[in-house]
1. Tally up the residues in region 248-290 that are in a strand (DSSP E or B) and more than 20 Å from HIS218 (Cβ to Cβ), please.
2. Restricting to region 197-222, what's the tally of residues that are modelled with pLDDT of 90 or more and surrounded by fewer than 19 Cβ atoms within 10 Å (Cβ to Cβ)?
3. Can you pull out the residues in region 213-240 that are free of Cβ contacts under 8 Å to residues at least 60 places away in the same chain and either of a type in the set (S, T, N, Q) or farther than 24 Å from ASN167 by Cβ (or both)?
4. Quick one: in region 84-125, which of the residues that are among the β-branched types (Val, Ile, Thr) and in contact with a Phe, Trp or Tyr (Cβ under 9 Å, 6 or more places away or on another chain) is farthest from ARG159 (Cα to Cα)?
5. Which numbered condition trips up ARG122, out of (1) touching a helix residue (DSSP H, G or I) at 6+ places or on another chain (Cβ under 7 Å); (2) over 30 Å from GLN241 (Cβ atoms)?
6. So for region 151-158 (the condition being in contact (Cβ under 8 Å) with a residue 24 or more places away in the chain, assigned to a strand (DSSP E or B), more than 22 Å from the chain's Cα centre (by Cα) and at negative phi), does at least one residue qualify?
7. Regarding region 42-54, can at least one residue be identified that is in contact with an Asp or Glu (Cβ under 7 Å, 6 or more places away or on another chain) and either surrounded by fewer than 19 Cβ atoms within 10 Å (Cβ to Cβ) or of a type outside the set (Lys, Arg) (or both)?
Amino acid sequence: MARANAAYYARENPFADFTTAPELTQVFGEILGAWAKIVWTMMGGTGVLRLVEAGPGRGVMMADMLRVIGGAQVHFIESSSRLEALQAERVPNAQWHDELAAVPHQKMIIIANEFLDALPVRQFIRRAGTWVERYVENSAYIEQPTEQEFGDAPDGTVREINEAAQNFVRGIAGRDAVALFIDYGPVQSGFGESVQAIHAGKYSNPLANPGSADITAHVDFAALAKTARDAGADVQGPIKQNVFLTTLGLHQRTDFLSRKHPDMADKLRLAAQRLTAPEAMGSLFKVLAITPARFPILPGFEP
C-alpha cells in the first residue's frame, strides 16, 4: 500500500478520482483559518503564526486559510514533487518537508485533512483459530504467521493497525503543538477490513491497479488517541465533522457568501450540505485534536 500510494500521488491526479472538503467549498478552509488564529492566541503564540499542513493536496485549503489569517509561516509535509509544484502556485512562500521530523521544533499548529487515511495499514486475519498477517506480493495476497494477538474471533475476521499514523501522532506529542486531524473512520477500534481503492473515479480491487489507484483505509481514532496519551499529550474528540463545522459557523459563512455572490449560492449551499449531512460526510468524518497536557478546550470541541 505504501509504495503504491507513493507512486499514485507522484504520477496521477488524485482529484480526478475524489473530491476533498477544501475542493468543495472555500468556507471549509476559511473557518479553519479563523480557528487557527484563535488557537494560536490560546497557545500564547507571538509574532507570525506557524502553520504545518500534512498532505496539502493542491494547496487549496491553506490558501483559503491564509485569506482569513492574513499571513503565516507555512510548512507543508509533502513527498510528491508534482503536488509540490501545484502547492507553490497557491502558497509560494511555503517551506516543504518530506516528513514531520524535518519540520523545525517550534510552537506550531498542525492540520491534516484526509491525510491519515492514505497511510499504510497492516492487516491481520484469523485463520484456523490463530492470527496471521496478510502481505501483498506480486499483486497477490499472501499470509504468514505472526506474533500479534487480538484474542478470540471467528475465522476470517480482519484486524487492521496503522503504525504509520501512530508514529506520526507520537511525533506530534513531543512538540509544542496543537494538531487537528479531519478524516473518516469509526470512533471505537474494532475488527473489520476497510482498505479500499478508487481508480478512474470508481471503487476497484486494491490489487488491480497498483500505482494508478488511490488506496485508503479507515482511521482508527481510538488507537491514535491512546498513542497520543501514552506519549504525554492530551486529546480532544473525536467528534463528528458536522458538529465541529457547524459549531465553527460553516452555515453562517456559507449564507453570507451566498448573499454576496448569488451566482455561487447553489454550489456553496450544496457543499455545506454535503459536509454536514449525516448521510454524506457529516457523520462518517471525525475530528480529533492533539494538544499539550492540560490545554484548554479548543473551539469546536465545547461540550
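The values are calculated or read from the model by the stated rules, or taken from the named source; none is laboratory data. Here the structure is a predicted model, which is why all the values come from computation and not from measurement. A quick note on method: Cβ atoms are made from the backbone with ideal geometry, for glycine too, and the neighbour counts reach across all protein chains shown.
1. 0
2. Going through region 197-222 one residue at a time, the tally reaches 1.
3. Answer for region 213-240, where residues must be free of Cβ contacts under 8 Å to residues at least 60 places away in the same chain and either of a type in the set (S, T, N, Q) or farther than 24 Å from ASN167 by Cβ (or both): just LYS240.
4. Only one residue tops the list, namely VAL91.
5. So the condition that ARG122 fails would be (2).
6. yes
7. No - not one qualifying residue is present in region 42-54.
Listed here are the residues, each with its yes/no results for (1) within 25 Å of LEU24 (Cα to Cα); (2) at pLDDT 95 or above; (3) assigned by TED's automatic domain parsing to the domain that holds THR146; (4) within 17 Å of the chain's Cα centre (by Cα).
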residue	(1), (2), (3), (4)
VAL60	yes, yes, no, yes
PHE76	yes, yes, no, yes
SER80	yes, no, no, yes
GLU84	yes, yes, no, no
LEU100	no, yes, no, yes
LYS107	no, yes, no, no
LEU116	yes, yes, no, yes
